[in-house]
Every structure is written in C-alpha cells, then in structure tokens.
Amino acid sequence: MIIGVYSAKTAYKEQFESREEIELAVLSEKFKNETVKFDALLVDGASLPFRELETARYLYPDIPIFYQIFEAKSEIAMRDIHRIGAAQKIAIINEYYTLDQVIDEVITAVLLINNKPQKRVVTFYGTHSSVGVSTTTLNVARSLSAKTSDRVLVLSLNAWDPADYFYDYKGEHLNDLKVDLKTKSLTPLRLNEALHQYKDFYHLAGNRDIKIQRYFTPEEVKHLLDVAKESFDIILVDGGTHFDTAIAAQTFLSSDLKFLVTTQEDKGFRGYFPYVFQQMLEPVGGKKEDFMLIINRFQSNMSLISEKDLEADLEMSRLTTIADMGPLGSISIRQNNLMYEEGETAYTKPIDSISNLIIAEAGLAEKVIDPSSNKSRGLLGIWGNKKAKGAEKVW
C-alpha cells in the first residue's frame, strides 16, 4: 500500500513506513504528485486550510482522503470542516489524535479492517460536578473485581479531583507521574509501584497539583493507557465532568465503553451537559448513542424529573438507576469503605448490573463458584493463577 502525505512533518512518513502494511509513504508539500499512484492520501490541516478540501478531492477523485484538523478555534469552524468533509467524501480526523492514532485510523479504513476492538477501556463521565462519577467508578471496580478473574485498574483522570479520600489511599498520584508521561518513559513496573491495591483491584489517584490541571497532553494520557494495558485486563477511567481538557479529549477517543452519570438536578441535564455536548463533543464526531446513561441518587418524588423524562431530555438509553442512599456514602468514607461493601441491595444491584455489562462487553473471565463451599475458587485457584500471570507482566 502506498500512502501520500501532504504535510511538512517528516514523522508521518517515518511512522507510516514503520508499519508492515505500508509499502511506501510519500511526503510532500507539493500537493499534486504525478509520478506516484496513491492508495490513500492524508492531508495535514497545518499545511492545507480546510476550505481547500474541494481541490484535494478534485485532484484525487478516486481514493480515500483523510484530513486531520488543525487548531479549529470555534464551534462554527468545526461544524464547517465536518460539512465540507462530508460533501467531498473526505474523512475528518480529530485534532487530538496522537500520531499513532492517526496512522491507525488511516490504515484501518483503507484496509477495510472490520475487527471488533477489544473493549478494555471503560470511562465514566458526569453531566455536572458532584453527581457521583468517582463513587460510581470505584464501586463498579469493587463489584467487577469480585466477579471476574481478570486484573482491574481504576485511573482517576479528573484533573480537578484526585478521588483519594474513599479509603486509606497509600499510592502515588497522577501528577507524580507527570515526568514519566511527558518523556514517554513510564513502564509497567513504575506504574505498578505508583498504584494502591484496594481489595482485589488497583487504583491510581488523580492529579492533586492545582498548578498543572490543564497541562496534561493527549500524548501523555495515551501513553498512560497504553502502559496500563500491558498489565491490566480492564481499565476503568474516572473522566470527571470537565470535557474542555486534553485529558477528557483523549479518554473520550480512547474509550471502548462510555457511561454518563447524572442526577435529577436540572443544572446538569438541562443546564450544563447539553452545551458541553453541542459545543465540544458533537463537533468532533461524538454521538448521544456513544453513552449509556446511569441515573444516580434517584428519588421517587413527583416534584423531580422521572427516569423516562431524563432519558428523553438527554436522548440516551438508561442502563440503570441507583437509588438515593442518604448518608450511606459519607458514612462509608468515614469508615474507609466503599458503599458496595455495606451490602445494601438497593445499591449493590444496579452497581452489579453495570459490572455485568462490562464483563459481557469486554469478554472478561468470571470467577468460578464452588457450590460445595459457596466460595469463589478464584481466590486460591483460577483467580490466583490469573493474578500470578498478571504479576509476571508487571514484575
């Protein structure tokens, strides 16, 4: 396969030609190349204004063309880029993609690879602050690790909330790994050293350095996720509610499953999230159906919005509803426990339904129950062996 690249960045050529599927990558700042027949063309938005995409299609009428956005400064500009791309049958690539992700996008599309991706990264977001994203993520991890033989990791990637107060957290924080991420030198061993093990799952708390909240880059987050995948079978990400950051952009792009947590507060489902979706997610290809809805702290009260109306307002399918558990959350934190461990069916049942879906979608191995002892054989048998294999990856 021969790829044409209209850009000034030599890294495109180097990365393309490092892939076995690519025979040749021709890098040029001269738009039309008469001597080489391309199988596809990648256009760097830094080298060609999007309003000239019609020219690109005119010069190359019969091949796939990909255009990576560069510094789209407004919602209107994003909308126009996608409209022009659609009109010219040119695939638009998100500007927050790393170089590797751009290469993958082009190669996958050209080869028409239709392999279903392994769903290993699951992200929880919120419609607004304090809806319970961190609480839900950690309790799903507790449920998931009790049910599956696979290794579970929670990454708290909300730069505004480290989520280190639910139990006696002893690990490091996201900001402690900033240099490793910036230099792309993070290793599975270094990551493992930074983690806190809580019961059967692992946790990296989020950023607690206020000065660098907005200084994490897409490449750094992608590097963290790639390293985490080397040692863990399933990664749950606490994505928070701030979609206007590189962290949120990269987790959105890297997630195989996305959950949206909301409550019956009007400020979230009517006041904040609709604007976030319209101005930040939709312009980069986000769809309402990307999310599965979780209604948290639900109260059956005629003065509050119903489950059905919440689904209608957000235009999303509801996966489950978690009842308002009153002071149980605060009590659990004071006792250094997660709410799931209190055993209240009204809480554990919806949390289990989320973890059951993740197990099914990600193809995780469930622990085998020994009926004679009514205990999971995984602790000493299957799970122990699986954990030992996982340990070999890390150590």
Requested in this report: In whole angstrom, note down how far apart the Cα centers of the range 313-344 and the range 7-65 are.
Outcome: 51
Query raised in the report: Can you give the direction-averaged projected area of the convex hull of the alpha-carbon atoms in the chain, in nm²?
Result: 21.4
Report task. Of the DSSP beta bridges with both residues in the chain, give the percent that are antiparallel, rounding to the nearest 5. Result -> 10
Report summary line: At R0 = 51 Å the Cβ-Cβ FRET efficiency linking Ile63 and Ile333, nearest 0.05, sits at 0.35
Report task. Starting with the highest mean, order 150-156, 242-248 by the number of other Cβ atoms within 10 Å, averaged over the residues of each peptide. Result -> 150-156, 242-248
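Just order 90-100, 72-82 by mean Cβ neighbour count inside 10 Å, highest at the front, would you? Don't jump to the answer; show the numbers that get you there.
Details: 90-100: 19.2, 72-82: 14.9.
My ranking of the peptides, most packed first, is 90-100, 72-82.
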Query raised in the report: Once you put a point 7 Å from the Cα of Asp209 and another 7 Å from the Cα of Glu289, both along the Cβ direction, what distance in nm separates them?
Result: 4.2
**Report entry** Residues in the range 1-32 that a label on Leu111 would reach, taking backbone N under 19 Å of a point 7 Å out along Cα→Cβ
**Finding:** 1-5, 12-26
Query - the range 135-157 residues near the modelled Glu366 label - backbone nitrogen below 12 Å, point 7 Å along Cα→Cβ - result: 147-149
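How long is the gain from Asp226 to Thr183 if the chain were fully straight, where each residue apart is worth 0.36 nm and the alpha carbon distance is subtracted? Display every interim value, and only then the final one.
Details: separation 43, 0.36 × 43 = 15.48 nm, distance 1.41 nm.
The Asp226-Thr183 span can extend by a further 14.1 nm.
What is the Cα radius of gyration of the range 159-316 over 2.2 N^0.38 Å, N being its residue count?
So the range 159-316 has a normalised radius of gyration of 1.15.
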Query raised in the report: Can you give the helix-only mean residue ellipticity at 222 nm for the chain, where every DSSP H stretch with n ≥ 4 adds -39500 (n - 2.57) and the sum goes over all residues, rounded to the nearest 500 deg cm²/dmol?
Result: -10500 deg cm²/dmol
Report task. Obtain the nm distance between the two label points defined at Lys199 and Arg318 by a simple spin-label model: each point lies 7 Å from its Cα along the Cα-to-C-beta direction. Result -> 2.6
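Of Lys9/Lys32; Lys147/Lys287; Lys267/Lys288; Lys222/Lys288, which sit over 27 Å apart, Cα to Cα? Show your work: numbers first, answer last.
On the way: Lys9/Lys32 17 Å; Lys147/Lys287 31 Å; Lys267/Lys288 18 Å; Lys222/Lys288 24 Å.
Pairs exceeding the cut-off: Lys147/Lys287.
For the chain, what is the accessible area per residue in Å² when the probe is 1.4 Å? Don't skip to the answer; put the middle values down first.
On the way: 18810 Å² over 395 residues.
About 48 Å² of surface per residue is accessible.
The values are calculated or read from the model by the stated rules, or taken from the named source; none is laboratory data. Here the structure is a predicted model, which is why all the values come from computation and not from measurement. Don't worry about glycine lacking a Cβ; one is built from the backbone with ideal geometry, like all the others, and counts go over all protein chains shown. Please note that ligands, DNA and RNA were not included when accessible areas were found on the heavy atoms of the full protein model with its side chains. Shrake-Rupley method; radii C 1.70, N 1.55, O 1.52, S 1.80 Å.
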